[in-house]
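Accompanying notes for the structure given below.
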Amino acid sequence: MHFHVHKRRQAPAVIIVALIDVLIVLLIFLMVTSTFRQQPAIPLALPQTSQAQKPGAGENVPLIVSIDAKGALRVGADARPITFDQLKSELQAQVEKKPDLVVAVSADKNSPLGDFVKVWDIAKEMKVKAVNLSAKEAAKQ
């Protein structure tokens, strides 16, 4: 007779360290491959152009002045409301801090053209280096 001695098997163990490593790798992969789009604070229907230029990363960051369809002005990345008189003093303060200031005007396509011209005149009066008009790229057909 041949008797087999049964050895007691250990319960399988889950190695948590390896699972955490995999989770960190997945998290890093998702963070690197995700795209982040900046959403405007106010809804603007920008006019379209087929000659739109993509802004570069090393360019001078412009001060954004937004004009909505009703002609209301907003300034800066936080889109705070402002009047034309306040815009004049704001631009003067910004030019004193940064002499090569560039202003980008994001005007709704239904906004009054006269408001854009007023912003342009104020910017030139305050010795702003350049005034740009923002547009979105036309859909490819």
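Some observations on this one:
- Test: residue in the range 102-120 that is acidic (Asp, Glu), more than 25 Å from the chain's Cα centre (by Cα) and closer than 18 Å to ILE67 by Cα: no
- Cβ-Cβ distances below 8 Å connect the following pairs, each with a first residue in the range 119-135 that is acidic (Asp, Glu), a second residue that is surrounded by fewer than 19 Cβ atoms within 10 Å (Cβ to Cβ), and a separation of six or more residues or different chains: GLU125/LYS88.
- Once the range 78-101 is narrowed to residues that are aliphatic (A, V, I, L, M) and assigned to a loop (DSSP other than H, G, I, E, B), the residue that is surrounded by the most Cβ atoms within 10 Å (Cβ to Cβ) is LEU101.
- Close contacts from the range 3-14, counting a first residue that is open to solvent by less than 100 Å² (accessible area, probe 1.4 Å) and a second that is outside any loop (DSSP other than H, G, I, E, B) and modelled with pLDDT of 80 or more, with Cβ to Cβ under 8 Å and a gap of 6+ residues or different chains, come to none at all.
The values are calculated or read from the model by the stated rules, or taken from the named source; none is laboratory data. Source: prediction; values computed, not measured. Neighbour counts are summed over all protein chains in view; Cβ atoms, including those assigned to glycine, are modelled from backbone coordinates with ideal geometry. Quick note on the areas: whole protein, heavy atoms, side chains included, nothing else; ligands and nucleic acids left out. Shrake-Rupley method; radii C 1.70, N 1.55, O 1.52, S 1.80 Å.
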